Structure formats: structure tokens, C-alpha cells
Amino acid sequence: MGAEALAVEVAFALPSKQRIVALRVAEGTTARQAVALADLPTLFPDVPGETFAQAPLGIFGKALREPDTHLLRDGDRVEVYRPLAIDPKAARLERAKRQASDPKR
């Protein structure tokens, strides 16, 4: 029996631009390989190419622990997550500091 082709999607979004790339990949393709096949650097030339090669990945909103070895299934949508602009803990600390110094409180 030969390798079957799977229908998958690769999604990436910026605040101003989103793309979902539909692909047909061979059975045994990993999430990271699908991202490479989607050629996102061409669609997002302002984003450094290494961002896509190293970014955390997920399937339908669930983060993958091992995207380099996670085998895709038919119908999967691989999501490429952007790096955080600021650490959530640091943002929470800054908000707390601002609220503590607010004279209206």
C-alpha cells in the first residue's frame, strides 16, 4: 500500500494580515515539515524566516510539545504561534505597579 496524501492547513497571523495555506502532504509528514512546505516567509516577507523554523506550533489551538516529530492527520490545521512581544508575567507586574500608583484608587 502506498503513502496516502493528507489534506492539512498551515495558519499564521499578524495583527494586520492572516493566511491559511492548504496543502496535500504525504502520510508521515510532521507539523514542522508542513510549516516548511507552506513557504510562509514568501507570504510574510517582513517576518524573519527563522521565526517560522523555530516558532511554537499547535493543532487547532492545542500547543504541540514535540512539533518536529508530531505526525499530522488528515484535516489537521497547524498553527504557527508568534513570539510574545512582552512576557505575560512582566506585563502583569507593570499593570500592578500602574494601578498601585494611580491616585484615583
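At-a-glance table
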quantity	calculated
Length-normalised contact order of the chain in % [C-alpha pairs under 8 Å, at least 6 apart]	29 percent
Per residue, in Å², the accessible surface of the chain once ligands and nucleic acids are set aside, probe 1.4 Å	71 Å²
Net charge, D74 excluded, C-beta distance under 15 Å - Lys, Arg +1, Asp, Glu -1	-1
Lys, Arg +1 and Asp, Glu -1 on Cβ, resulting dipole of segment 5-98 about Cα centre, debye, nearest 20	620 debye
Radius 11 Å from Cβ of L6, net charge of other residues (Lys, Arg +1; Asp, Glu -1)	-3
In nm, spacing of pseudo-spin labels at A91 and D68 (7 Å Cα→C-beta vector)	2.9 nm
Helix 88-101 axis, angle to the chain major axis (alpha carbon atoms, nearest 10°)	20 degrees
Mean projected area (nm²) of the alpha-carbon convex hull when the chain is viewed from all directions	8.9 nm²
Accessible-area order (highest first, 1.4 angstrom probe) of the listed residues E94, E50	E50, E94
Among P67, P56, P83: highest mean-square fluctuation, GNM of the chain, C-alpha pairs under 10 Å	P83
The chain: most fluctuating residue of V35, V78, V47 per GNM, C-alpha cutoff 10 Å	V47
Accessible-area composition of segment 1-52, carbon plus sulfur, in percent [1.4 Å probe]	55 percent
Net +/- balance of residues flanking A26 in space, Cβ distance below 12 Å, scoring K and R +1, D and E -1	-2
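The values are calculated or read from the model by the stated rules, or taken from the named source; none is laboratory data. As the structure is a computational prediction, the values presented were derived from the model and not from experiment. Here Cβ is always computed from backbone atoms with ideal geometry, including for glycine, and neighbour counts include all displayed protein chains. The accessibility values were calculated without ligands, DNA or RNA, using every heavy atom of the protein model including side chains. Shrake-Rupley method; radii C 1.70, N 1.55, O 1.52, S 1.80 Å.
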